[in-house]
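Beneath this line is the structure, given in structure tokens, with notes to follow.
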Protein chains: 2
Amino acid sequence: MSSFPDLGSFFAPKRVAFVGATEDLSKFGGRCMRLLIDFGYRGVIYPVNPKRSELFGLKCYPSLDELPEVPDHVGIVLPSAGVPATLEACVRRGVPFATVFSAGFGETGAEEGRLLQQCAVAIARAGGLRFMGPNCNGMINFVDAFALTSTSAIKGERRSAGDIGVVSQSGGAGQINVMWRAQQAGLGISYQVSCGNDADLGLADYMAFMVESERTKVVLAIAERMPPGDKLRALAQRAAELEKPIVRVKVGRTEAGSRAAASHTGSVTGADEVSEAALRQLGIIRVEDCSELYETAMLLRGGRRPKARTAAALSVSGGNLVMVADLGAARGVEFPAYAEATQEKLKAYLPGFVGASNPTDLTSAAIGRTDTFGAVARILGEDPGVGTLVPVLTSAVAAEIRSIAQAAAETDKPVAILFTGRCIDDPGLTPEMLVAEGHAVYRDARPCMDAVAAANRYGEFRARLARPAPQRPAGMDVAAASKLLQPRTMTEAASKALLACYGLPVTKEFVARSRAEAAAAGGTVALKISSLDIPHKTEAKAIRLGLSGAEAIGRGYDEVIAAAKAYNPDARIEGVLVQQMVAGGEEVLLGVSQDPAFGPVLTAGLGGIFVEVFKDVSRRLPPVSHQEAQDMIRELRSAPIFAGARGRAPLDVDALADCIVRLSWLAVDLGGRISELDINPLRVLPAGQGVRVVDALVVGA
Amino acid sequence: MSSFPDLGSFFAPKRVAFVGATEDLSKFGGRCMRLLIDFGYRGVIYPVNPKRSELFGLKCYPSLDELPEVPDHVGIVLPSAGVPATLEACVRRGVPFATVFSAGFGETGAEEGRLLQQCAVAIARAGGLRFMGPNCNGMINFVDAFALTSTSAIKGERRSAGDIGVVSQSGGAGQINVMWRAQQAGLGISYQVSCGNDADLGLADYMAFMVESERTKVVLAIAERMPPGDKLRALAQRAAELEKPIVRVKVGRTEAGSRAAASHTGSVTGADEVSEAALRQLGIIRVEDCSELYETAMLLRGGRRPKARTAAALSVSGGNLVMVADLGAARGVEFPAYAEATQEKLKAYLPGFVGASNPTDLTSAAIGRTDTFGAVARILGEDPGVGTLVPVLTSAVAAEIRSIAQAAAETDKPVAILFTGRCIDDPGLTPEMLVAEGHAVYRDARPCMDAVAAANRYGEFRARLARPAPQRPAGMDVAAASKLLQPRTMTEAASKALLACYGLPVTKEFVARSRAEAAAAGGTVALKISSLDIPHKTEAKAIRLGLSGAEAIGRGYDEVIAAAKAYNPDARIEGVLVQQMVAGGEEVLLGVSQDPAFGPVLTAGLGGIFVEVFKDVSRRLPPVSHQEAQDMIRELRSAPIFAGARGRAPLDVDALADCIVRLSWLAVDLGGRISELDINPLRVLPAGQGVRVVDALVVGA
């Protein structure tokens, strides 16, 4: 994984120095030192403070230059102005890693802070030093008992290391809301990082370390910033290879990307929507709140993936089963009927039942029999139609809870246990204890079904991974297209010619330079002014539709030219585009826009009001396979219209998908030279009749 | 509140008898008896069991007839077949209330159970006895220390009474997920009921008792069944008068109502959507999960209502503030800029700031100063633009937490405290303790902002209550309409004539009985067959549009008649409807359907694909005011189209609202005699040009 640095000795240094060390616990440096010692670090600690000779019983050094050996990692808590000199000292000594806790850099928004940060980066880059921060709250390594942070969340006895990594920019949200709360819920953490401004090392570097670590099964991230698109892609690809799910919480919707996308679908292409689509495509699970991060991790860490979006729920609490079914249904989780073999096996436990329904109410059967619950769970776990098992407990006796836990441990399906109450006869048998044993246990139906839905999404991502990679369709002339692409706004005719090189079917048309040339056209045509100086043809009223016959077309030609001249007397007019009219079907919008993080992004949606009012579009990073292009159509809210809603003819989804695939390759090949590409509309005809690019606009970069 | 029984001695009997009493704690009756005694009931207990003379040290009686005095409330745990005889014994003794725990009645779905239940109801009704159940888990009265239930949730020391009432059908969900969990979170319960099958007394009766109780401030309900519409309306009205919010969780979406609404908008009018709209209109807050019930109650019980949908958030954790802002925005909560006076006052605490933004990050200012947080909260609480205050704590020292709590207690605004971590220097200062003191404290941003949004909805309901009641518009001839309404499917012409009586503007039209009559029509017209036997005119191809001139109209007449005869040779043909064509604007659908619980329900939505594919409709129980009719339009997702999206002309929303108001009164006056009414389409013309009923179908009941 060469695109990421090896952070082995950053996370687990043999020798660590701390510049700005003090014994004063009201100070950041004092709290860091105290925690570093108390957390049980087994390496060598070098406190650095020119005013002291000893700190916490450790020999203290006046400067880094005086240290008897080179530390692997240097923590720095100094007023911001003193940081560059200290980084220089690190470089002098050949220190590989530093963590700059100090604030007062780029995050202030002030010129001075920004320059200080640039200065720090320049020193590090020149000297081969890598650093975390500034303005961060450090890191915690539970695996090797190394903590360089001031957080109160690790005060007291050190928690055991677990299999979940946590990365955040902020200290509070990452260390309290995620790490500490996850531990309270019974989970264990391997590594935690609060990385601050990401001036040098960044989010993706820490996440990559965790993804590679054998001690980490799931990586959780909460950040406002997004790693650069290429880093995120590399990270996601490696995480997918190693099957280490990444779960990310959505914070701070940036509008920067939205402003950058100044096409006429600009209002739709918000950067947040782009990253949402990109993250999903890369298999990164996005959740809404910090608690959902670890609650999702609970279920994902087990490594069992649901084979289907289905679940079986069972309980003695009918009310809870209805809740689970309702909330599941709202999240795409189905509760299918059980297989006949399952029904047969259930008879021994549910004798009064004609056939058990799903969710399965055990009320009468389970009373006084603590083994029924577990036995039924085991049977349902064997049903081939069941993706995930959801046993629901309110308050129960230990034997019953244990029997469920045993069944959960034995099945090869993911199991999300909803446990809303307590153990009646053993106060020590808590949900947290079950979690510590490896189970996924939820206190409420909503987080439970949220986690099941998230695990389904990850399962579907794994299934997509197994599909063949997108293949280049035949009939794409890259060289010709590359030649046609101009570094400016292109006319409709030129834009379509470019698209035609990639095999997109465009309307039959030609640019008429005279009334006579236009009038010679047969059939029913549309006339549109062709002028680089009039990109908005409708606004200029330089369009005529549905004309046929030499007389009408000729008159239309004159009208279009006159309207264009009236609109912009200085416009250079190429001629009038004479275009075959296409009737029937529905109008679709396809586009390629530039995202500042991800580069070219593909957009598709049913045209008109659907895009304008309902913002009903799908997005993907190119290239996409035919199957994925069909997924894009299927996930539109307007999808029923493509399938032929309310007696309409089904549309040619196959041809549309082919068009999307071709456009995705165009984006791959030429995306870097395109600042905006809109096909609006693409007319999608009834099934078997194909599609036509009716209007298109390409703006070269 | 005469529509509900006085349940005073049901909830707080002076004497209680228990039929089916035993000392065997493995039995339901044993557990109930044990809990009744242990819970500290101060009245007289009469165990009834013919096989015993004493139970738990109490004198036991062979039957109800032998009791020395009449109990106020009798608990019954017997095999179902024995229940009717025991109810008869209750009647004989003049017992006012009973609770039937036994299962084996209507809930089994079997004939026998259903008959037993009917029998029980008949005995009670005849004898003036009211009973809860069957198939229930009883009730708990924390105010008077009376519990008649088997739930493990009240084992141990009795919790103090609080101000929240809980009603559920199911035992587990209501008693564990809601009651016990609310208590674990620091809340107190006044009354809890698990009412089972509701054969006699029902959900609304228990809720009404709690609404009237001075000891209850908020009522929580979780149930699959919905109280009958009239009871729910009466309950909601009383709850609104007393300002006692009702919060309800959504369980079990019934499809029964959906099937009943067999109009051509049938697929849209799901019963679940109807009850969602009705509950909102009645001020009943609907939530998704059990935990949300009590988390919403936390904020509502304080009685402070937000004056606006706005909030101010403040914290030293920037990451958490971004979360709160994101999740708030997604729930309609805005974070407005502070007033100048606020900024002025903040200067003393945030000296480095040019102007504090909202959410307010206190990072640098609050470090080492535990009073800053509280002081800033107090200032923000005084800002007139702030609806709700959201202080956010991760982990903090006691002084800081106390200063926030103090500020929360003093402001007159609702305060939702997000407290994701712990108190660093006082382990006893927990979120639960703060809740017990009366604060609303949340562990995660999502439930916190969900509660703020729910409180906003309730605040808006209170604001709607203050509006003038809907007024009857002038120009509605009820008598004439009543005369026209027929108890069957009516023709388009007759349907429109009925609507015209209520002042709805219909297209100019007449039924032509001959070609000559039709041909005499001027202008551009549509022709439609008028026959009761051909309700689907389009399917019969017996429609012609956009005809003008005697020749074309005459030919059209013949074609329509011919098509109708071909479609249905036996159809009785009234003639051909000759109708003025209306162009421009957009098509809207209005309807009145019958909901099994609520009676007539009003539906409005933009026509065509919006209703068909996006199910984009608003619903109300009639009557509605002009303002509420406008709200209906505003809350449609397609609302931007009415306002004139993307260069379209704004539509005549005022005329549309007037139409909705008139239709709502028609539903009030004649709703009971209408099984279905559809105006599809109503053409809404550009602003100032009004609306026209283009097609309508009334089906009388």
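Report yes if some residue within region A:528-537 is touching a strand residue (DSSP E or B) at 6+ places or on another chain (Cβ under 6 Å), modelled with pLDDT under 90 and crowded, with 16+ Cβ neighbours inside 10 Å; otherwise report no. Checked against the condition, which is being touching a strand residue (DSSP E or B) at 6+ places or on another chain (Cβ under 6 Å), modelled with pLDDT under 90 and crowded, with 16+ Cβ neighbours inside 10 Å, region A:528-537 yields at least one hit. Checked against the criterion of being more than 20 Å from A:Asn177 (Cβ to Cβ) and of a type in the set (Lys, Arg), the candidates B:Arg446, B:Arg402 yield just one match: B:Arg402. Of everything listed in (1) modelled with pLDDT of 95 or more; (2) open to solvent by 10 Å² or more (accessible area, probe 1.4 Å), the single unmet condition for A:Ser357 is (1). Could you tell me whether B:Val624 is buried (at least 24 other Cβ atoms within 10 Å of the Cβ), closer than 15 Å to B:Cys659 by Cα and either out of contact with any Asp or Glu (no Cβ under 9 Å at 6 or more places or on another chain) or of a type in the set (Ser, Thr, Tyr) (or both)? Judged against the criteria, B:Val624 is not a match.
If the condition is being within 14 Å of another protein chain (Cβ to nearest Cβ) and either open to solvent by 10 Å² or more (accessible area, probe 1.4 Å) or among the charged types (D, E, K, R) (or both), then region A:424-452 contributes A:Ile424, A:Asp425, A:Asp426, A:Pro427, A:Thr430, A:Pro431, A:Glu432, A:Arg443, A:Asp444, A:Arg446, A:Pro447, A:Asp450.
The numbered conditions (1) among the aliphatic types (A, V, I, L, M); (2) over 28 Å from A:Gly647 (Cα atoms); (3) within 14 Å of another protein chain (Cβ to nearest Cβ); (4) in contact with a helix residue (DSSP H, G or I) (Cβ under 7 Å, 6 or more places away or on another chain) are all true for B:Ala643 except (4). Surrounded by 19 or more Cβ atoms within 10 Å (Cβ to Cβ), under 18 Å from A:Glu88 (Cα atoms) and among the small types (Gly, Ala, Ser) - does that describe any residue in region A:10-26? Yes, because at least one residue in region A:10-26 is surrounded by 19 or more Cβ atoms within 10 Å (Cβ to Cβ), under 18 Å from A:Glu88 (Cα atoms) and among the small types (Gly, Ala, Ser). Candidates in region B:493-516 are the residues that are of a type outside the set (A, V, I, L, M, F, W, C) and in a helix (DSSP H, G or I); of these, the one that is most open to solvent (accessible area, probe 1.4 Å) is B:Arg515.
When you check A:Arg637 against the structure, is it more than 30 Å from A:Arg472 (Cβ to Cβ), within 14 Å of chain B (Cβ to nearest Cβ), touching a Phe, Trp or Tyr at 6+ places or on another chain (Cβ under 8 Å) and surrounded by fewer than 22 Cβ atoms within 10 Å (Cβ to Cβ), yes or no? Yes; evaluated as a whole, the condition is true for this residue. I'd like to know if region A:171-191 contains one or more residues that are among the polar types (S, T, N, Q) and under 25 Å from A:Ala21 (Cβ atoms). Within region A:171-191, one or more residues are among the polar types (S, T, N, Q) and under 25 Å from A:Ala21 (Cβ atoms). Within region B:586-605, the set of residues being over 19 Å from B:Gly671 (Cβ atoms) and open to solvent by less than 30 Å² (accessible area, probe 1.4 Å) comprises B:Val588, B:Gly605. Residue-level analysis places A:Ile417 outside the set of residues that are within 12 Å of chain B (Cβ to nearest Cβ) and either touching a residue at least 60 places away in the same chain (Cβ under 8 Å) or hydrophobic (A, V, I, L, M, F, W, C) (or both).
Kindly check whether there is at least one residue in region B:358-373 that is within 25 Å of A:Glu288 (Cβ to Cβ), hydroxyl-bearing (Ser, Thr, Tyr), within 12 Å of another protein chain (Cβ to nearest Cβ) and part of a helix (DSSP H, G or I). The answer is yes, given that some residue of region B:358-373 is within 25 Å of A:Glu288 (Cβ to Cβ), hydroxyl-bearing (Ser, Thr, Tyr), within 12 Å of another protein chain (Cβ to nearest Cβ) and part of a helix (DSSP H, G or I). The condition of being under 27 Å from B:Glu214 (Cβ atoms), touching a strand residue (DSSP E or B) at 6+ places or on another chain (Cβ under 7 Å) and modelled with pLDDT of 95 or more does not hold for B:Thr86. Looking only at region A:654-663, count how many residues are surrounded by fewer than 19 Cβ atoms within 10 Å (Cβ to Cβ) and under 23 Å from the mean Cα position of the chain (by Cα). Qualifying residue count, region A:654-663: 0. Checking B:Arg683, B:Arg637 one by one, the residue that is over 30 Å from B:Ala597 (Cα atoms) and not hydrophobic (A, V, I, L, M, F, W, C) is B:Arg683 and no other.
Within region B:399-414, being among the small types (Gly, Ala, Ser) and either open to solvent by 30 Å² or more (accessible area, probe 1.4 Å) or within 13 Å of chain A (Cβ to nearest Cβ) (or both) holds for B:Ala399, B:Ala409. The listed residues are B:Leu666, B:Leu651, and the only one of them that is surrounded by 23 or more Cβ atoms within 10 Å (Cβ to Cβ), within 14 Å of chain A (Cβ to nearest Cβ) and either in contact with a strand residue (DSSP E or B) (Cβ under 8 Å, 6 or more places away or on another chain) or among the charged types (D, E, K, R) (or both) turns out to be B:Leu651. Every condition in (1) in a loop (DSSP other than H, G, I, E, B); (2) at pLDDT 95 or above; (3) crowded, with 19+ Cβ neighbours inside 10 Å is met by B:Pro50 except one, and the failing one is (3). Applying the criterion of being modelled with pLDDT of 90 or more and open to solvent by 10 Å² or more (accessible area, probe 1.4 Å) to the residues of region A:307-331, the residue that is nearest to the other protein chains (Cβ to nearest Cβ) is A:Arg331.
Scanning region A:684-701 for residues that are assigned to a strand (DSSP E or B) and open to solvent by 40 Å² or more (accessible area, probe 1.4 Å) returns A:Arg692, A:Leu697. Of the helices (runs of 4 or more DSSP H) lying entirely inside region A:105-219, the ones with 2 or more residues being away from every other protein chain (no Cβ under 14 Å) and surrounded by 24 or more Cβ atoms within 10 Å (Cβ to Cβ) are found at A:111-127, A:203-212. When region B:53-66 is filtered for residues that are crowded, with 20+ Cβ neighbours inside 10 Å and assigned to a strand (DSSP E or B), the ones remaining, listed by number, are B:Leu55, B:Tyr61.
Can you confirm whether B:Val48 is over 30 Å from A:Thr420 (Cβ atoms), more than 14 Å from chain A (Cβ to nearest Cβ), touching a residue at least 40 places away in the same chain (Cβ under 8 Å) and of a type in the set (Val, Ile, Thr)? Against the criterion (over 30 Å from A:Thr420 (Cβ atoms), more than 14 Å from chain A (Cβ to nearest Cβ), touching a residue at least 40 places away in the same chain (Cβ under 8 Å) and of a type in the set (Val, Ile, Thr)), B:Val48 does not qualify.
All conditions but one from (1) among the basic types (Lys, Arg); (2) in contact with a Lys or Arg (Cβ under 9 Å, 6 or more places away or on another chain); (3) in a helix (DSSP H, G or I) apply to A:Lys528; the one that does not is (3). Report every pair of residues separated by at least 6 positions or lying on different chains whose Cβ atoms are under 9 Å apart, first residue within region A:560-575 and farther than 11 Å from A:Lys541 by Cα and open to solvent by less than 20 Å² (accessible area, probe 1.4 Å), second basic (Lys, Arg) and part of a helix (DSSP H, G or I). Close Cβ pairs satisfying both conditions: A:Ala571/A:Lys565.
Among residues of region B:72-98 that are over 11 Å from B:Ala124 (Cβ atoms), those with a beta-carbon under 8 Å from a residue that is surrounded by fewer than 19 Cβ atoms within 10 Å (Cβ to Cβ) and hydroxyl-bearing (Ser, Thr, Tyr) at least six positions away or on a different chain give the pairs B:Asp72/B:Ser9; B:His73/B:Ser9; B:Ala89/B:Ser63.
The values are calculated or read from the model by the stated rules, or taken from the named source; none is laboratory data. The structure presented is a predicted model; accordingly, all values stated were derived computationally and were not measured. Glycine also receives a Cβ, built like all others from the backbone with ideal geometry; neighbour counts cover every protein chain displayed. Heavy atoms of the whole protein, side chains included, go into the accessibility calculation; ligands, DNA and RNA do not. Shrake-Rupley method; radii C 1.70, N 1.55, O 1.52, S 1.80 Å.
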